[in-house]
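**Q** Here it is, the structure, as structure tokens.
Read-outs: derived from the displayed coordinates by stated rules, not from any lab. Quick caveat, the model's predicted, so the values are computed rather than measured. Here Cβ is always computed from backbone atoms with ideal geometry, including for glycine, and neighbour counts include all displayed protein chains.
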């Protein structure tokens with residue numbers, strides 16, 4: 001069975017690599033690195049043209065990235081929320097990608113393909129931020145060259161070891177397939193359990209938009225904290241008037257300065273108020289009692305038609 005796969009890859013290698021890489025970069029759970037490594041090993045034996053393999057792999061990457069960039073450019077933060085909502089790792093999806101953009105800027109696109117999950121989120125995020133098509137294509141091409149080149153080069157350098165491994169796998173045949181299937185099932189099961197645990201953590205008491213509005217109108221003066229990252233605020237520049245900007249990564253620095261005798265309301269723009277819930281959990285673990293995420297986050301506040309702060313410094317009534 002292994003030998004049949006190798007034979008098919010040797011015969012249809014260029015098309016197979018292009019298709020595999022394209023589907024992988026579009027976000028389907030189809031691993032492409034093993035195919036690149038194996039194709040590199042086959043090319044090292046003269047059965048496939050290494051240069052063409054490299055070109056089609058890079059082309060497939062850039063094509064998928066440009067497609068995602070266009071989606072992000074058109075739909076903005078909405079597509080990011082959708083991708084994070086269906087991700088097996090919604091926590092890291094919400095926080096890690098934006099934090100990397102905060103730290104490294106758009107140049108982080110160059111290493112995005114080496115980080116699981118990030119490769120799919122980074123291109124639409126770049127589109128939503130409108131970094132410019134030519135700049136994006138340049139960074140995407142460089143990233144694709146490094147990623148595809150690394151996979152193919154690994155196959156070339158370790159072709160003898162790969163050949164021995166394939167012979168061994170062919171000998172044990174169905175056992176190897178069963179073991180690989182079991183490992184994949186275990187990985188997906190573990191990520192699903194982590195996802196369930198994450199959403200269970202999110203099920204804490206929340207405050208509704210109208211309750212918060214009433215608190216503000218009554219003169220209670222709750223402390224409102226915008227926990228969005230700088231990238232998230234760039235995607236949605238409006239905010240609730242009077243809110244402090246303390247991102248998830250900076251919470252520890254500000255713990256001592258937060259009041260314990262006031263209601264603390266946290267909001268963000270991520271699915272299920274994930275970042276706000278995480279900050280609330282951190283504050284509660286440090287003894288804060290009156291902490292609640294805003295149900296629906298900033299989106300719900302805007303949808304309700306309440307006053308929002310604008311980048312020009314003038315507070316306006318949001319479009320309901």
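**Q** Testing the spin-label approximation: label points 7 Å from Cα along Cα→Cβ at residue 12 and residue 30. State their distance in nm.
**A** With each label point 7 Å from Cα toward Cβ, the separation is 1.0 nm.
**Q** Roughly how many whole Å is it from the C-alpha centroid of region 12-45 to that of region 242-273?
**A** The two parts, judged by their Cα centres, are 44 Å apart.
**Q** Please give the contour-minus-distance gain from residue 286 to residue 134: 0.36 nm per residue of separation, less the Cα-Cα distance, rounded to one decimal in nm.
**A** Stretched out fully, the residue 286 to residue 134 stretch lengthens by 50.0 nm.
**Q** Another question about this same structure. Once you have the Cα-Cα distance between residue 114 and residue 223, take 0.36 nm times their residue separation minus that, and quote the gain in nm to one decimal.
**A** Fully extending the segment from residue 114 to residue 223 adds 35.3 nm.
**Q** If we count other beta carbons within 10 Å of each Cβ, what is the order of 130, 233, fewest first?
**A** On the way: 130 14, 233 19.
Lowest to highest Cβ neighbour count: 130, 233.
**Q** Two decimals is fine: what is log10 I(q)/I(0) at q = 0.11, 0.23, 0.24 Å⁻¹ for region 209-317, from a Debye sum with one equal scatterer on every Cα and no solvent?
**A** -0.31, -1.41, -1.51
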